[in-house]
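See structure below.
The values are calculated or read from the model by the stated rules, or taken from the named source; none is laboratory data. The structure presented is a predicted model; accordingly, all values stated were derived computationally and were not measured. A quick note on method: Cβ atoms are made from the backbone with ideal geometry, for glycine too, and the neighbour counts reach across all protein chains shown.
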């Protein structure tokens, strides 16, 4: 497959389709930084620049007809976050994509944009695109796809339109047939099947706290008993692993039990299973930390009752120091040089450009290039963020390419 890419950006399509053996014929991009990325990553592929100045008839005579035309025209005036100018604004460059379709007539067309394109100008803008493609002999299908379901850690919903020349195969690309067997097992049977497949036994069980585990009520596997007004239920966990790495976790083989708390033994280092009772205690509302060495009886971390940002306090600057939430640690008499460190500004740090590349499915440092006479190590972050934010998600484009390849090969 050979393809022409318009509004190329940093070429998510080429990164996605390289694994399919597809070949880019030309790019069309005018923004300085994306142009620099294209020149660095695809030095042998011409960048024709301004799409409005390309003579496609001449291109077709010199290079032939591409199999695929792909592009994501500007979305600013389609987006619900913009002024919603529709085709009267920057998104009017959609007509250049339509012109390329008309003059090149590739077998396949792939167009990407924001979901707001569906409702721009009360749907009239998207109708214009569909009507134009229909006039050229294309059958179109469209779908909003979310990148989070294609293997990247971000929610990114985008509209994808696929059109095929002279056939209805476009719908087969984007719309997957679904079906269901008539003998679908119950969820309980399915859980047993999955559990047996990984060689694990029952993980959790529960019973009413004041009735105990030997009453007629029995023990419910994988289910906690109903909460009652007089006493919460008890949940116990059965595991075969060992956690008694420290003496305070109980002697090896014997476990640790507090009779006053009606607790069961902790997990042990022996081969036999231990049982740990974890009742919910409404008095345990303070936060407590012992680094990586929790002790028997330590309360679990509660939900914060306030709506303000929590105050985080470290006992000192030493490694593995205790950390409290909304609770200041005690001063230490022998540690005058390292007072507690308190912070209420727990803001989330900014993502790095490399992390943004991963969120879009690009290889690490794809946008780390020599730029404006400076080496790659001094490439500024701002244009990298902008280019990545305007790009398509690579895994989604790969999925679409794989679907087109499978259907075209029939």
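Comparison of 79, 132, 73 shows that the only residue that is within 22 Å of residue 54 (Cβ to Cβ), assigned to a loop (DSSP other than H, G, I, E, B) and in contact with a helix residue (DSSP H, G or I) (Cβ under 9 Å, 6 or more places away or on another chain) is 73.
Look at residue 71 and say whether it is farther than 24 Å from residue 364 by Cβ, in contact with a strand residue (DSSP E or B) (Cβ under 9 Å, 6 or more places away or on another chain), modelled with pLDDT of 95 or more and crowded, with 23+ Cβ neighbours inside 10 Å. The answer is yes for residue 71.
The single condition from (1) part of a strand (DSSP E or B); (2) under 21 Å from residue 13 (Cβ atoms); (3) over 29 Å from the mean Cα position of the chain (by Cα) that residue 98 fails is (1). For the condition buried (at least 22 other Cβ atoms within 10 Å of the Cβ) and either within 18 Å of residue 360 (Cα to Cα) or outside the structural domain of residue 133 (by TED's automatic domain parsing) (or both), residue 7 qualifies.
When the residues of the range 58-67 are filtered to those that are part of a helix (DSSP H, G or I) and touching a residue at least 12 places away in the same chain (Cβ under 8 Å), the one that is surrounded by the most Cβ atoms within 10 Å (Cβ to Cβ) is 59.
Consider the range 119-157 and keep the residues that are touching a strand residue (DSSP E or B) at 6+ places or on another chain (Cβ under 6 Å) and in contact (Cβ under 8 Å) with a residue 40 or more places away in the chain. The one that is surrounded by the fewest Cβ atoms within 10 Å (Cβ to Cβ) is 157.
So is residue 15 modelled with pLDDT of 95 or more and under 26 Å from the mean Cα position of the chain (by Cα) or not? Judged against the criteria, residue 15 is a match.
For the range 83-107, which positions are surrounded by fewer than 17 Cβ atoms within 10 Å (Cβ to Cβ) and in contact with a helix residue (DSSP H, G or I) (Cβ under 6 Å, 6 or more places away or on another chain)? The one that is surrounded by fewer than 17 Cβ atoms within 10 Å (Cβ to Cβ) and in contact with a helix residue (DSSP H, G or I) (Cβ under 6 Å, 6 or more places away or on another chain): 103. For the residues 80, 110, the requirement of being within 20 Å of residue 390 (Cα to Cα), assigned by TED's automatic domain parsing to the domain that holds residue 161, surrounded by fewer than 16 Cβ atoms within 10 Å (Cβ to Cβ) and under 24 Å from the mean Cα position of the chain (by Cα) singles out 80. Say whether the condition of being touching a helix residue (DSSP H, G or I) at 6+ places or on another chain (Cβ under 6 Å), surrounded by 15 or more Cβ atoms within 10 Å (Cβ to Cβ) and either over 23 Å from residue 106 (Cβ atoms) or in contact (Cβ under 8 Å) with a residue 40 or more places away in the chain (or both) is met by at least one residue in the range 43-57. Yes, the conditions are met somewhere in the range 43-57.
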